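Visitor: First, the structure itself, so that you have it in front of you.
The values are calculated or read from the model by the stated rules, or taken from the named source; none is laboratory data. Nothing here was measured: the structure is a model prediction, and the numbers come from that model. Positions of Cβ are backbone-derived with ideal geometry, glycine not excepted, and every protein chain shown enters the neighbour counts.
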Amino acid sequence: MLHSKTSRRLWSLLLLVPAVLVSVGCESILGEWVSRTPNHGKPLEKIDRVEPLALDDAVIDHEFRIEVESDDPVSLWVWVIDPSNEKFMGIETKEDDPDHLQPLFHIDHNAPRQTREPVATVLMLHGFYDWINRRWYLMWARMLAEHGYRVVLVDQRGHGRSTGKWATYGVRESRDMQRVLDELEERNLLAGPVGVWGVSFGGATAVQLADLDERIEAMVLISTFTSMRDIVPDYGRAIGFRFLSDEQYTRVVDHAGRHADFDPDDADVIDRLARIDTPTLLIHGEEDRLIPIQHAMRLYHAADRDNVELIRVMGANHTSLGDTVVWPIYQPMLDWFERHLLPEEEQTQVANEAHSGQTDP
């Protein structure tokens, strides 16, 4: 055990660390950290490798790369899952790992996989430091595909198998997604009305995309924040950087903008949502500490229109919502897209086709 005087000196030094970090450029370091992508500085040949699918029996119907020419050009990786004859049967909890949920799909391996004509297209956008080859993204994509949707999953710039050094909280990412929609049209893969399903950072991209592109007709936003300037201090304090003041966090965000060469004020999700009329379903966990539910409440009240709804999920946090907490959002999500993407005469038909032979969970 340390001598008491030595211990006190050590703790005194440790308590000085935050102040020293700030004085030597902690704000700039944090600014780089909140805007730096997982693939920062990695060449295409290093990230463009085939990973095992997170769900062993998942089938990708189309996969391709899209080159985005812009002030910060990137190469984006895209997966497309079409409606097919597989059926979502429910979710299994493993006895040895109750927090791990395994989606169950019925697939007749003796019969060829049969795809069917999609009724609409849903663009699926992941969160910051995430990627599309994750078990739960593939699970939700297949759930939507079962209900007749063509689902397009995109690794956002700097994530997964996409290149890119900097994240801009939806500013450049939303323009990237416009390019994705254009490419889908050129490939005759943009079927019917288009909806967007976005999680956290992906939800911010979705709102800014809807503001840019009239092709977006409905959105489901899960755990989405109001703006970059709001979320950086909330997230920073949640993970331990409580010693920074509001003014210091303002400078952190300013540094992030300089690192990534964009204006953080443009990443204002709440302002964009308030000025568009796209039907929007907000879903947020009551126990979210990374992006507190106040973000969703402010988005809901700022939109102030009949076609925006908010679902607050009791007991769910930022990582559990949509992963281990599924059922409270499964049916509302399906109902929202059916109501706003499909003609009324098709809604019953799609629901009947999807549920024929399906076991209630």
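Visitor: Report the residue count in the stretch 178-201 for those that are within 25 Å of Leu282 (Cα to Cα) and outside any helix (DSSP H, G or I).
Guide: Residues in the stretch 178-201 being within 25 Å of Leu282 (Cα to Cα) and outside any helix (DSSP H, G or I): 11 in total.
Visitor: Restricting the stretch 84-140 to residues that are touching a helix residue (DSSP H, G or I) at 6+ places or on another chain (Cβ under 8 Å) and among the hydroxyl-bearing types (Ser, Thr, Tyr), which is modelled with the highest pLDDT?
Guide: Thr121
Visitor: Another question about this same structure. Does Ala267 qualify as being touching a Lys or Arg at 6+ places or on another chain (Cβ under 9 Å), buried (at least 19 other Cβ atoms within 10 Å of the Cβ) and of a type outside the set (Asp, Glu)?
Guide: yes
Visitor: A further question on this structure: Among the residues of the stretch 246-266, are any small (Gly, Ala, Ser) and in contact with a His (Cβ under 7 Å, 6 or more places away or on another chain)?
Guide: Among the residues of the stretch 246-266, not one is small (Gly, Ala, Ser) and in contact with a His (Cβ under 7 Å, 6 or more places away or on another chain), which makes the answer no.
Visitor: Same structure, new question: Looking at this structure, is Leu144 closer than 15 Å to Trp197 by Cα, touching a Ser or Thr at 6+ places or on another chain (Cβ under 8 Å) and modelled with pLDDT of 90 or more?
Guide: Spelling it out, it is not the case that Leu144 is closer than 15 Å to Trp197 by Cα, touching a Ser or Thr at 6+ places or on another chain (Cβ under 8 Å) and modelled with pLDDT of 90 or more.
Visitor: Now a separate question. Mind counting the residues in the stretch 212-231 that are without any contact (Cβ under 8 Å) to a residue 60 or more places away in the chain, in contact with a helix residue (DSSP H, G or I) (Cβ under 9 Å, 6 or more places away or on another chain) and more than 25 Å from Gln248 (Cβ to Cβ)?
Guide: 3
Visitor: Then there is this: Scan the stretch 208-255 for residues that are over 18 Å from Val171 (Cβ atoms), among the β-branched types (Val, Ile, Thr) and part of a strand (DSSP E or B) and jot them down.
Guide: Hits for the stretch 208-255 are Val220, Ile222.
Visitor: Which residues, taken from the stretch 126-175, are among the aromatic types (Phe, Trp, Tyr) and surrounded by fewer than 24 Cβ atoms within 10 Å (Cβ to Cβ)?
Guide: Phe128, Tyr129, Trp131, Trp136, Trp166
Visitor: Any residue in the stretch 269-282 that is of a type outside the set (S, T, N, Q) and part of a strand (DSSP E or B)?
Guide: Yes, the stretch 269-282 contains a residue that is of a type outside the set (S, T, N, Q) and part of a strand (DSSP E or B).
Visitor: Right, another one. Quick one: Gln208 ticks every box in (1) closer than 30 Å to Asp335 by Cβ; (2) surrounded by fewer than 24 Cβ atoms within 10 Å (Cβ to Cβ) except a single one, so which number is it?
Guide: Looking at each condition in turn, Gln208 falls short on (2).
Visitor: Hey, does the stretch 339-354 have a residue that's under 23 Å from Ile231 (Cβ atoms), at pLDDT 95 or above, of a type outside the set (D, E, K, R) and surrounded by 15 or more Cβ atoms within 10 Å (Cβ to Cβ)?
Guide: no
Visitor: Are any of the residues in the stretch 35-43 modelled with pLDDT of 90 or more, in contact with a Ser or Thr (Cβ under 7 Å, 6 or more places away or on another chain) and surrounded by 10 or more Cβ atoms within 10 Å (Cβ to Cβ)?
Guide: Yes: one or more hits.
Visitor: Oh, and also: So which residues in the stretch 49-68 are at pLDDT 90 or above and surrounded by 14 or more Cβ atoms within 10 Å (Cβ to Cβ), if there are any at all?
Guide: Answer for the stretch 49-68, where residues must be at pLDDT 90 or above and surrounded by 14 or more Cβ atoms within 10 Å (Cβ to Cβ): Ile60, Asp61, His62, Arg65, Ile66, Val68.
Visitor: Among Phe225, Phe243, which is at pLDDT below 95 and not aliphatic (A, V, I, L, M)?
Guide: Just one listed residue meets the conditions, Phe243.
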